[in-house]
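Below: the structure, in structure tokens.
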Amino acid sequence: MAATEAMAPKFGLNQFFSAWDARIDRWRTLNRITRNLAARGAQNGNELRQEAIAVLEELHPIEELNAYPGPHLIAQVQERLANGDWVGLERIVQRISSALLSNSYRDNREAWIIEDEGESHLPDFLPPSARGKSVFKSNWIRDMGEFYGANLFLAESCATTGGLDSLLEPTGNIKQAQEKAARAFGGDRAFFVTNGTSTANKIVHQALLTPGDIVLIDRDCHKSHHYGIVLAGALPLYIDAYPLTQYSMYGSLAIRPIKQALLALKAEGKLDRAKMLVLTKCTFDGHIANVEQTMLECLAIKPDLVFLWNEAWFGFARFSPLLRMRTAMGGAAKLRELIHDPLYRDKYEAFKDSLDGIGDTDLRLLDMPLLPDPDQIKVPVYETESIHKSMSSLRQGSIIVVADQEFHTVEAQFKEAFFTHTSTSPNLQIIASIDVARRQMELEGYELVQRALQLAMEIRKEINNHPLISKYFHAATPAEMIPPEYRVTGFSDYGMPGSTVTDATQALRKDEFFLDPTRITLLCGNAGYDGTRFKGLLAETYDIQINKTSRNSVLVQINISNTRIDMVHLIKTLADISRALERELDIGGDGARASFKARVKGLVEDVPELPDFSRFHNALRENSESATPEGDMRAAYYFAYNAQACECIGLYDARVDERLKNGPELVSAKFVIPYPPSSQSWSLGKLSRRKPLHSCASWMSRRFTDTTRRVASSCSSPKPWQLSGEKQDDLFPAFAVGIHQESLRWTTAGAEAPVLTYP
């Protein structure tokens with residue numbers, strides 16, 4: 001009896017206005033009790049029977065006010081309970097509970113019928129889960145139906161049954177929803193993707209790239225781009241973002257190194273093969289590129305360059321008048337206006353005159369803003385967004401937004417790529433949720449985003465100005481996350497004395513990078529916590545969920561669902577942790593303080609170097625003398641399939657240094673890409689060097705367990721992989737981490753391996 005009272009407390013006058021929720025909870029409680037009665041039979045039956053009677057007594061006053069289930073069904077429940085008909089009792093209670101939970105009694109007359117035969121017998125030949133019959137009738141999995149509710153299963157269907165639109169060839173409501181999404185996000189076309197932005201990225205890569213095309217890409221991008229390039233057979237030209245070594249993370253990809261890569265390709269006569277530039281916008285840590293300026297200067301060198309902006313975490317920005325200018329579609333719209341503006345044409349003519357004596361590949365072009373010829377350029381912009389990450393969509397709800405005047409020339413191949421990666425049985429609930437998220441953002445997105453921005457700025461201010469919290473924790477400012485050369489306006493913090501919205505707007509318009517205020521990099525190194533340990537503490541003790549960590553920070557992401565209560569809870573948590581640290585240091589004395597100081601120094605000052613990209617092995621390059629470092633990653637991908645050419649060497653094995661010093665060279669046979677997005681430690685076919693290996697060893701020593709660190713040899717010595725009679729001067733070793741296998745793999749092949757050719 002006591003257990004029942006704890007599970008279903010008595011109704012009080014103060015519960016009158018929340019009686020509906022309480023009523024549903026009690027029916028679900030009764031459902032659990034009767035299920036146990038049916039399962040156990042006479043065993044413990046009297047105790048469970050008394051619990052069921054108690055819950056029914058609590059339900060009695062409020063059920064007198066409701067038409068359903070009504071006195072007739074209630075009487076049957078009481079009769080079966082009195083007669084000990086446990087199976088019949090379980091069935092009728094389960095039906096009433098499900099009907100109340102899903103409101104199906106409103107339009108389903110069978111819900112009012114006592115006998116089980118009253119259940120719908122309308123025939124359908126859909127998959128078992130459709131209509132929920134296989135779930136709700138089951139003795140073993142009906143708890144799933146209770147948890148999710150009947151409507152989830154009532155909505156389960158597929159387009160092939162007829163009467164529903166097809167995601168592959170939409171002509172009805174999905175087509176209309178995609179058109180509305182294109183309007184909402186500022187594009188010409190929009191395509192729904194129900195298996196995440198990873199797939200959206202692969203669709204764009206496969207649609208627009210052909211084998212041998214060169215892709216300029218941020219090495220610190222999402223894993224799907226690397227695999228998309230492998231699928232397409234394109235050649236990646238990796239460019240490093242600016243490092244933030246003190247936080248063990250990278251920033252974003254600046255305009256200058258992109259221009260440098262384009263000019264190098266032009267100097268070698270390969271600019272015509274440069275097809276696409278892939279950039280993350282904004283990065284996981286909040287670095288927002290100047291979209292308009294980036295595209296403007298790149299188009300000045302390569303007028304038909306395609307831009308793929310990954311805005312997985314930035315979709316909400318479209319609905320902020322301030323942040324919109326930094327979205328891919330905002331930049332595309334601005335460029336379209338610009339090239340038709342007579343004033344811009346005059347500006348371009350003046351710029352062209354200023355280039356007198358400066359050649360097409362002159363390095364002086366790197367340090368001057370470039371303008372494209374308005375009569376030559378196209379503006380092909382593709383934006384991929386994770387609607388589920390920053391808006392109210394179900395997981396994996398994503399979208400591709402297109403702003404490309406020449407899309408009609410690639411539409412057929414785009415659809416082929418879309419067909420390749422899209423299931424013939426997409427989840428209709430995900431499709432609906434994408435449209436619902438779009439509707440919400442169009443109707444109330446401005447308010448929601450403004451509230452999130454305001455909340456984020458207040459959290460930053462509270463953390464950095466709190467007398468106790470600020471001793472151990474710090475919300476990184478724009479000045480700390482973005483080097484000064486990328487902030488020409490001097491904007492350094494959202495809480496600067498005397499700063500106004502105008503200052504932030506100027507920074508958004510002029511600075512090369514702007515820090516998204518909703519991405520709060522919370523530095524925890526001064527509290528003696530590495531990011532992973534602090535994330536665990538927040539989750540296990542304070543019920544705060546964190547997505548991303550670094551060596552000495554965690555990322556707090558503010559979104560449209562957060563409230564001031566969340567802010568208060570976070571600030572109180574940091575204050576509690578800070579007070580606990582103070583007590584520990586006071587009690588521990590000089591020894592504890594010395595140990596704490598050493599731990600902080602190891603996290604904040606003794607940080608490892610970040611791994612950079614060396615180059616692809618010559619066997620994967622068309623010309624080993626070329627100044628541009630693109631390589632055939634797909635060839636490397638399939639080289640690594642040869643198990644006979646593999647050996648395993650521990651990460652801390654002495655042979656690593658010996659191989660690095662005396663050869664043969666170590667080359668990656670696998671991607672190693674931490675997620676959430678951090679630094680891509682190794683790329684397929686990349687030469688390994690001492691710095692990246694040692695930085696990864698240091699990173700792994702804090703990221704993974706001792707068991708994973710103590711990787712050991714487990715394969716035999718390698719054998720040369722003879723390829724097509726080509727010259728075999730030495731071994732072509734390759735390297736990859738197998739975290740789950742607790743081993744490192746080294747793959748070998750001929751140094752003069754032929755480059756793959758395609759029909």
Given L455, L468, which one is on the phi < 0 side of the Ramachandran plot, surrounded by fewer than 19 Cβ atoms within 10 Å (Cβ to Cβ) and of a type in the set (A, V, I, L, M)?
-> L468
Among the residues of the stretch 322-340, is any surrounded by fewer than 24 Cβ atoms within 10 Å (Cβ to Cβ), assigned to a loop (DSSP other than H, G, I, E, B) and of a type in the set (S, T, Y)?
-> no
Looking only at the stretch 550-565, decide whether some residue is part of a loop (DSSP other than H, G, I, E, B) and closer than 30 Å to A640 by Cβ.
-> yes
Scanning the stretch 88-108 for residues that are modelled with pLDDT of 75 or more and open to solvent by 70 Å² or more (accessible area, probe 1.4 Å), the one farthest from Q76 (Cα to Cα) turns out to be R106
Given the structure, is R551 of a type in the set (K, R), farther than 28 Å from V607 by Cα and under 29 Å from the mean Cα position of the chain (by Cα)?
-> no
Matching option when the condition is surrounded by fewer than 21 Cβ atoms within 10 Å (Cβ to Cβ) and either modelled with pLDDT of 95 or more or under 21 Å from the mean Cα position of the chain (by Cα) (or both), among E512, E540 | E512
The lone condition Y637 fails out of (1) closer than 29 Å to Y250 by Cβ; (2) in contact (Cβ under 8 Å) with a residue 40 or more places away in the chain; (3) open to solvent by less than 30 Å² (accessible area, probe 1.4 Å) is (3)
Checking S578, S626 in turn, the sole residue that is buried (at least 17 other Cβ atoms within 10 Å of the Cβ) and touching a residue at least 12 places away in the same chain (Cβ under 8 Å) turns out to be S578
In the stretch 308-337, what count of residues is obtained for those that are aromatic (F, W, Y) and touching a strand residue (DSSP E or B) at 6+ places or on another chain (Cβ under 9 Å)?
-> 3
Filter the stretch 436-454 down to residues that are farther than 15 Å from Q557 by Cβ and of a type in the set (A, V, I, L, M) and give me whichever is nearest to the chain's Cα centre (by Cα).
-> A437
Mind listing just one residue for me: the one in the stretch 253-271 that is outside any helix (DSSP H, G or I) and more than 24 Å from E485 (Cβ to Cβ) and, of those, least open to solvent (accessible area, probe 1.4 Å)?
-> K270
Of all residues in the stretch 369-390, count the ones that are closer than 19 Å to D304 by Cα and in contact (Cβ under 8 Å) with a residue 24 or more places away in the chain.
-> 14
Filter result (part of a loop (DSSP other than H, G, I, E, B) and either over 14 Å from L428 (Cα atoms) or in contact (Cβ under 8 Å) with a residue 40 or more places away in the chain (or both)) within the stretch 162-174 | L164, L167, L168, E169, T171
Checked the stretch 424-440 for anything in a loop (DSSP other than H, G, I, E, B) and either out of contact with any Leu (no Cβ under 7 Å at 6 or more places or on another chain) or open to solvent by 50 Å² or more (accessible area, probe 1.4 Å) (or both); matches are T424, S425, N427
Filter the stretch 457-493 for residues that are more than 20 Å from T563 (Cα to Cα), among the acidic types (D, E) and in a helix (DSSP H, G or I) and give the result.
-> E480, E485
Say whether the condition of being among the polar types (S, T, N, Q), open to solvent by 10 Å² or more (accessible area, probe 1.4 Å) and part of a helix (DSSP H, G or I) is met by at least one residue in the stretch 521-534.
-> yes
Within the stretch 391-420, which residues are closer than 26 Å to L305 by Cα and buried (at least 18 other Cβ atoms within 10 Å of the Cβ)?
-> S398, I399, I400, V401, V402, A403, D404, F414, A417, F418
Residue, farthest from R28 (Cα to Cα), within the stretch 129-148, restricted to residues that are modelled with pLDDT under 75 and assigned to a loop (DSSP other than H, G, I, E, B) = S129
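Okay, residues lined up against (1) part of a helix (DSSP H, G or I); (2) open to solvent by less than 50 Å² (accessible area, probe 1.4 Å); (3) at pLDDT 95 or above:
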site	(1), (2), (3)
E156	no, no, no
Q176	yes, no, yes
F192	no, yes, yes
S198	yes, yes, no
A207	yes, yes, yes
T210	no, no, yes
In the stretch 606-619, what count of residues is obtained for those that are in contact with a strand residue (DSSP E or B) (Cβ under 7 Å, 6 or more places away or on another chain) and either assigned to a loop (DSSP other than H, G, I, E, B) or open to solvent by 40 Å² or more (accessible area, probe 1.4 Å) (or both)?
-> 5
Among (1) closer than 26 Å to P243 by Cβ; (2) in contact (Cβ under 8 Å) with a residue 24 or more places away in the chain; (3) in a loop (DSSP other than H, G, I, E, B), the one test that I546 misses = (2)
Please work out if D240 is within 21 Å of T628 (Cα to Cα) and acidic (D, E).
-> yes
Do we find a residue being surrounded by 15 or more Cβ atoms within 10 Å (Cβ to Cβ), touching a strand residue (DSSP E or B) at 6+ places or on another chain (Cβ under 6 Å), of a type in the set (D, E, K, R) and in a helix (DSSP H, G or I) anywhere in the stretch 441-450?
-> no
Which one of these is aliphatic (A, V, I, L, M), closer than 15 Å to A476 by Cβ and in contact with a strand residue (DSSP E or B) (Cβ under 9 Å, 6 or more places away or on another chain): L603, L508, L555?
-> L555
Scan the stretch 246-270 residue by residue and report those that are among the polar types (S, T, N, Q) and over 23 Å from the mean Cα position of the chain (by Cα).
-> Q246, Q260
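The values are calculated or read from the model by the stated rules, or taken from the named source; none is laboratory data. Treat the numbers as computed from the prediction; the structure is a model and nothing was measured. No Cβ is skipped: glycine too gets one built from the backbone with ideal geometry, and neighbour counts run over all protein chains shown. Quick note on the areas: whole protein, heavy atoms, side chains included, nothing else; ligands and nucleic acids left out. Shrake-Rupley method; radii C 1.70, N 1.55, O 1.52, S 1.80 Å.
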